[in-house]
Amino acid sequence: MTDLGDRIATTLRRERERRDLSVSELARRAGVAKATVSQLENGGGNPSVETLWALASALEVPFAILVDEGVRSPTLIRAGEATTAVPSSASDYLAVLLSASPPHARRDIYLLSAEPGKPRLSDPHPRGTVEHLVMVTGRGRVGPADDPYELSPGDYLSYPGDAPHVFEALSPGTRAVLVSELR
């Protein structure tokens, strides 16, 4: 098992049991195979960001709770050295958790990397979620799925994360910082 696999397994099982859900019921609510949930709870598999988001939404917890390392001292993550990178299965998109929300706060910080091609379409997150995005490099089409905005380096956009939304790289090497908060 990997460190990330261990964290996902421990947290997934804890959150599922806390809600008194069976593996079958969690799988049904998340729209994933029961075998996938079992495999992840045993520290196996290589889950996509879509699978983890679906499970987090079904458990009504922030995505980051499934992958947080729990570090509470100063944290430095050098570019390219992050250990909590979760790829998309549907597009050339990578979400790297930079800072998970502590229990008393409700925000997570990610570094997103994407390449031109298929856009990353996100289903709605829990009600009250707002996403804040700052484009770092490249260009992207971001925001509400039905009316995204084109962003360039330095541009900031805030949009409802509890509605369908999109991130599409328009140039190679597109990177952005995303803060997801639950109000």
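The values are calculated or read from the model by the stated rules, or taken from the named source; none is laboratory data. Please read all numbers here as calculations on a predicted model, not as lab measurements. Because the Cβ atoms are built from the backbone with ideal geometry, glycine has one as well, and the counts that use them run over all protein chains shown. For the accessible areas, the whole protein counts, side chains as well, though only heavy atoms, and no ligand, DNA or RNA atoms are used. Shrake-Rupley method; radii C 1.70, N 1.55, O 1.52, S 1.80 Å.
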- Item | Helix-only [θ]222 nm of the chain, DSSP H runs n ≥ 4, -39500 (n - 2.57) each, per residue, nearest 500 | -7000 deg cm²/dmol
- Please work out the C-alpha center-to-center distance from the range 1-68 to the range 118-183 and express it in whole Å. 24
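What is the sum of charges around residue 25, taking Lys and Arg as +1, Asp and Glu as -1, for the other residues whose C-beta is under 11 Å from the C-beta of residue 25? Each step should come with its number before you reach the end.
Details: positive: 16, 19, 28, 29, 34; negative: 20.
Residues close to residue 25 contribute a combined charge of +4.
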- Would you pull out the residues with amide H under 5 Å of residue 92's amide H, same chain only if 5 or more places away, H placed 1.01 Å from N? 115, 118
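How much of the accessible area of the range 111-183, probe 1.4 Å, is carbon plus sulfur, in whole percent? Intermediate values should be presented prior to the final figure.
On the way: 1910 of 3510 Å².
So the carbon and sulfur contribution to the accessible surface is 54 percent.
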- Calculated from the structure, mean projected area of the Cα convex hull in nm² equals which of (i) 12.5; (ii) 10.9; (iii) 10.1? (iii)
- Message: Just to confirm a number: summing +1 for Lys and Arg and -1 for Asp and Glu over residues other than residue 139 whose beta-carbon lies under 13 angstrom from that of residue 139, what do you get?
- Response: -2
- How large is the accessible surface per residue of the chain, computed with a 1.4 Å probe and reported in Å² as a whole number? 52
- Item | Local electrostatic count at residue 153 - Lys and Arg +1, Asp and Glu -1, tallied over other residues with Cβ under 11 Å | +1
